[in-house]
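Comments concern the structure below.
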Amino acid sequence: MDIAKCLTLIDLLCAREFPAAYGRTEHGESGPGYHIAALQTSQDFWDVHDGEREETEAQYDADRDALAERLGARWGPSLHFSLYSVLDRGMAGEALAEPWAGLSGHVPDVRLWRVPEAGRWVALGVSQWDKELPFQLLGIVTESDPP
């Protein structure tokens, strides 16, 4: 992982205006009030040995934590925010703000900072849609408070 490149992309997302409608971007996706960027993406796991998936998951968690240390030097310690309850609330029919509702389906938790000078939240999370699909280290910038 190139930490400097990840930090530069997070800075870009903090400064970038939010679009009026959902759309794909060169780094991921954006919508009203949020940007999500894939900072790193693994290979898929259709034809790999049993331990390789677990090793990759551990590496992505370590990469998230290393990047969180660098962001923590800027903004202080992160909050650890679980998205499991957000998923449960959404499944029960509660209308929840994006990007939180969408993230809750594939990101179990995030490291989260409030960035006062930007008026935004910044989060890091490790995504995996299904056990055969790639892991992604996501950088999220949003103006929506966590639910």
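The values are calculated or read from the model by the stated rules, or taken from the named source; none is laboratory data. For clarity, every value in this text was computed on a predicted model and none was experimentally measured. Cβ placement follows ideal geometry from the backbone for every residue including glycine, while neighbour counts extend to all protein chains displayed. For accessibility, only protein heavy atoms count, side chains too; no ligands or nucleic acids. Shrake-Rupley method; radii C 1.70, N 1.55, O 1.52, S 1.80 Å.
Using the Karplus curve 6.51 cos²θ - 1.76 cosθ + 1.60 with θ = phi - 60°, work out ³J(HN,Hα) for each residue of region 102-108 in order, rounded to whole Hz, and write x for Gly and Pro.
Using θ = phi - 60°, the values come out as x, 4, 4, x, 9, 10, x Hz.
Taking only C-alpha pairs under 8 Å that are 6+ residues apart, what is the relative contact order of the chain in percent?
29 percent
With the dipole of region 22-135 worked out from charges on the C-beta (+1 for Lys and Arg, -1 for Asp and Glu) around the Cα centre, which of F135, A58, P116 lies farthest toward the positive end?
The Cα lying farthest towards the positive end belongs to P116.
Averaged per residue, what accessible surface does region 88-147 expose to a 1.4 Å probe, in Å²?
43 Å²
Choose one of G33, G102, L79: the residue whose Cα lies farthest towards the positive end of the charge dipole of the chain (beta-carbon charges +1 Lys, Arg; -1 Asp, Glu; about the Cα centre).
Selected residue: G33.
Which loop-located chymotrypsin sites (Phe, Trp or Tyr not before Pro) does region 55-147 contain, where loop means any DSSP state but H, G, I, E or B and the Cβ has at most 15 other Cβ atoms within 10 Å?
Of the chymotrypsin sites (Phe, Trp or Tyr not before Pro), the ones in loops of region 55-147 whose Cβ has at most 15 other Cβ atoms within 10 Å are W129.
At most 14 other Cβ atoms within 10 Å plus a DSSP loop assignment makes a site exposed; report the longest stretch of the chain without any exposed GluC sites (Glu not before Pro).
The reported range is 27-93.
What order do H106, H49 take when sorted by accessible area (1.4 Å probe), most exposed first?
Result of the area sort, largest leading: H49, H106.
Size of the dipole of region 27-133 about the Cα centre, Lys and Arg at +1 and Asp and Glu at -1 on the beta carbon, nothing else charged, in debye to 20?
Roughly 760 debye, rounded to the nearest 20.
What number does region 1-125 give for Rg over Rh if you use C-alpha atoms and the Kirkwood radius?
Rg/Rh for region 1-125 comes to 0.97.
Hey, can you find the accessible area per residue of region 2-78 for me, probe 1.4 Å, expressed in square angstrom?
Spelled out: the 1.4 Å probe surface of region 2-78, per residue, equals 59 Å².
Scan region 1-64 for trypsin sites (Lys or Arg not before Pro) in coil per DSSP, keeping those whose Cβ has at most 16 other Cβ atoms within 10 Å, and list them by number.
Passing sites in region 1-64 are R16.
Which residues' amide hydrogens lie under 5 Å from the amide hydrogen of D109, considering only partners 5 or more residues apart or on another chain, with H built in the peptide plane?
So D109 has HN proximity to L83, V126.
Would you mind telling me the share, in percent, of accessible area of the chain contributed by carbon and sulfur at probe 1.4 angstrom?
Of the solvent-accessible surface of the chain, carbon and sulfur hold 52 percent.
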